[in-house]
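Values quoted throughout were computed directly from the atomic coordinates according to the rules given, and no laboratory measurement underlies them. No experiment lies behind these values; they were computed from the predicted model shown. Cβ: placed from backbone, ideal geometry, glycine included. Neighbour counts: every protein chain shown.
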């Protein structure tokens, strides 16, 4: 064999390229678990609104292999009956960093049955979810950027 280095280089490159997983499968993010919402930025027509969910509200999102659910409530219980509680959930799909929620259940029926496309990133235990929320028949048409932290058992 006149050129063993070239031969072995070709063999190594061949074996490295034989991985059967696609790029999307390799980069899929593990969303399973319970996530606490830390903050959200809503951008409507160029105007930004920041909400700190560690002060007056608490929200968690629970995700399993194919479903998500979220629960949100006021931290300080008011003396009257005006407690703010919000909940919803449904199916989701995840392809690489493309996350799509199908809101099958929600207390506001105008949102129910809608789907929302997001891009998700995970760095350590911090999940960032960004996308457009637009619901016909409401004043909701904005970009939303939410930051969650994974709750450890």
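Calculate, in nm to one decimal, what residue 112 and residue 149 gain on full extension: separation in residues at 0.36 nm each, minus their alpha carbon distance.
Computed gain between residue 112 and residue 149 is 10.7 nm.
Most exposed first by the Cβ proxy, i.e. fewest other Cβ within 10 Å, how do 102, 148 rank?
Ranked by crowding around the Cβ, least crowded first: 102, 148.
On a full-extension model of 0.36 nm per residue, what is the gain between residue 138 and residue 83, subtracting their alpha-carbon distance, rounded to one decimal in nm?
Length difference between fully extended and current span is 17.6 nm.
At each listed q (0.16 Å⁻¹), what is the log10 of I(q)/I(0) that the Debye formula gives for the range 29-153 modelled as equal alpha-carbon point scatterers?
Scattering profile of the range 29-153, log10 relative to I(0): -0.84.
Taking the Cα centroid of the range 118-153 and of the range 36-104, what is the distance between the two, rounded to the nearest whole Å?
Cα centroid of the range 118-153 versus Cα centroid of the range 36-104: 8 Å apart.
Sort 28, 66 so the one with the fewest other Cβ atoms within 10 Å of its own Cβ comes first.
Going from least to most buried by this count: 66, 28.
Find how much the distance from residue 119 to residue 72 grows on full extension, using 0.36 nm per residue of separation minus their present alpha carbon separation; answer in nm with one decimal.
Contour length minus the Cα-Cα distance gives 14.7 nm.
Would you order 147, 110 from fewest to most other beta-carbon atoms within 10 Å of each residue's own beta-carbon?
110, 147
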